[in-house]
Amino acid sequence: MSISAKDVKELRDQTGAGMMDCKKALSEADGDMERAVEILRKKGQKVSEKRADREANQGLILTRISEDGKKAAAIEINCETDFVARNEDFQDKAESFLNVAFENNIASLDELLQAELNGLTIEDHLKDMVGKIGEKIEISRVILLNTSGQIVHYIHPGNQLGVLVEFEDDIDADTLGKDIAMQIAAMNPLAVDREGVDSSIIDKELEIAKEQLINEGKPEEIAEKAAKGKLRRFYEERVLLEQKYVKDNGITIKELLKKEEAPTVKSFHRLQLGENS
């Protein structure tokens with residue numbers, strides 16, 4: 001049967017698929033719009049299955065925060081190429097997925113994938129994007145924060161690195177709060193304080209330091225004591241409150257917050273593209 005340009009345009013507007021794909025789907029569906037949509041959706045599913053084993057290590061980190069700084073959300077959405085990540089339609093879709101998480105207080109990936117947006121689950125939206133774009137596309141992380149204190153967010157230019165920082169009370173988000181968020185982005189701490197570092201990491205660091213010292217000829221008893229000294233340096237490098245402030249190496253983050261009479265950091269999330277942890 002003859003397929004009108006008007007029908008092709010309507011199907012394209014509904015699905016975002018290419019003109020030729022829309023025309024083929026309408027022909028296969030004998031002009032039935034609903035069947036044509038389903039045909040395109042199945043095509044997306046097939047392409048998605050074919051791309052399942054591909055590496056999707058490009059993409060975007062996005063954050064959103066409430067006006068009062070009490071609530072924030074972040075997602076990581078991945079694709080195969082930087083070209084797709086820079087595509088305006090891809091970015092708009094990613095933003096809409098973030099908004100669903102934020103507005104519906106969604107903190108788990110499974111829940112986000114099953115959430116609805118414009119009559120489709122986000123999982124189905126992703127399949128449709130795969131069918132349209134031809135790349136593996138997935139959401140790999142979603143984070144939701146609610147606090148009685150204040151949250152500050154920071155996105156590094158390029159959207160490949162983002163930070164959410166939770167403070168115990170109100171802080172100037174545009175100056176000191178942003179500086180702390182940028183510190184976390186630049187220096188990649190493991191935890192806010194020593195208590196937040198996993199004991200297995202501490203044990204491993206002590207073991208490595210001790211072995212290095214023994215290999216240098218130190219007796220085991222001396223090596224064990226010296227290893228604890230090296231552990232202090234580890235804390236100074238990887239614990240946020242003990243790190244030197246990147247804008248002033250003469251002061252630690254803990255000392256900076258005290259000097260500014262600012263609230264301390266309660267928690268943080270650092271999201272770097274491809275480092276899903």
Stretchable slack from residue 70 to residue 34, in nm (0.36 nm times residue separation minus alpha-carbon distance)
8.7 nm
Computed magnitude of the charge dipole of the range 198-277 (debye, nearest 20; Cβ of K, R +1, Cβ of D, E -1):
300
On a straight-distance basis, which lysines could pair with residue 230 in a cross-link, Cα separation under 22 angstrom, same-chain partners fewer than 8 positions away excluded?
204, 210, 218, 244, 254
Pairs of alpha-carbon atoms within less than 8 angstrom and 6+ residues apart define the contacts here; what relative contact order does the range 180-277 have, in percent?
31
Apply the Karplus curve 6.51 cos²θ - 1.76 cosθ + 1.60, θ = phi - 60°, to the phi angles in the range 130-147 and return the couplings in whole Hz, x for Gly and Pro.
4, x, 6, 8, x, 10, 5, 9, 8, 9, 9, 8, 9, 10, 10, 10, 10, 8
Grab the alpha carbons of the range 173-277, take their convex hull, and tell me the volume per residue in Å³.
131
Let me have the 222 nm mean residue ellipticity of the chain computed from DSSP H runs of 4+ only, each contributing -39500 (n - 2.57), with the sum over all residues rounded to the nearest 500.
-15000 deg cm²/dmol
With +1 on each Lys and Arg Cβ and -1 on each Asp and Glu Cβ, how big is the dipole of the range 121-236 about its Cα centre, in debye rounded to the nearest 20?
440
For residue 136, give me every one of the lysines with a C-alpha distance below 20 angstrom, ignoring sequence neighbours fewer than eight places off in its own chain.
42, 43, 46, 50, 93, 127
Hull surface divided by four, with the convex hull built on the Cα atoms of the chain: how many nm²?
18.6
Just name one of 133, 149, 187: the one whose Cα is farthest towards the positive end of the charge dipole of the chain (beta-carbon charges, Lys/Arg +1, Asp/Glu -1).
133
If the range 47-126 were replaced by its equivalent ellipsoid, with semi-axes equal to the square roots of 5 times the Cα gyration tensor eigenvalues, what would those be, largest first, whole Å?
23, 15, 11
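If you add up the charges near residue 123, with Lys and Arg at +1 and Asp and Glu at -1, over every other residue whose beta carbon is less than 12 angstrom from its beta carbon, what do you get?
Values: positive: 41, 127; negative: 110, 111, 116, 124, 128, 138.
Spelling it out: positives minus negatives among the neighbours equals -4.
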What nm distance separates the two modelled labels at residue 99 and residue 81, each placed 7 Å from Cα along Cα→Cβ?
2.8
Modelling each spin label as a point 7 Å along the Cα-to-Cβ direction, I'd like the residue 174/residue 188 distance in nm, to one decimal.
3.2
Based on the mean of other beta carbon atoms within 10 Å per residue, what is the order of 177-186, 95-104, most packed first?
177-186, 95-104
Contact order normalised by length for the chain, with contacts defined as Cα pairs under 8 Å and 6 or more residues apart; what percent is it?
18
Using a Förster distance of 22 angstrom, determine the FRET efficiency expected from the C-beta separation of residue 111 and residue 147, and round it to 0.05.
0.60
Please report the relative contact order for the range 31-168, taking Cα pairs under 8 Å with a sequence separation of at least 6, and give it as a percent rounded to a whole number.
33
Size of electric dipole in the chain: Cβ of Lys, Arg +1 and of Asp, Glu -1, about Cα centre, debye, nearest 20
600
Reachable lysines, given that their alpha-carbon falls under 16 Å from the alpha-carbon of residue 70 and they are not under 8 places away in the same chain
178, 266
Can you tell me the order of 131-140, 192-201, 259-268 when each peptide is scored by its average per-residue count of other Cβ atoms within 10 angstrom, highest first?
131-140, 259-268, 192-201
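Read the figures in this text as sums done on the coordinates, not as results from a lab. In this text the structure is predicted, and so the values were computed from the model without any measurement. Every residue, glycine among them, receives a Cβ derived from its backbone with ideal geometry; neighbour counts consider all protein chains shown.
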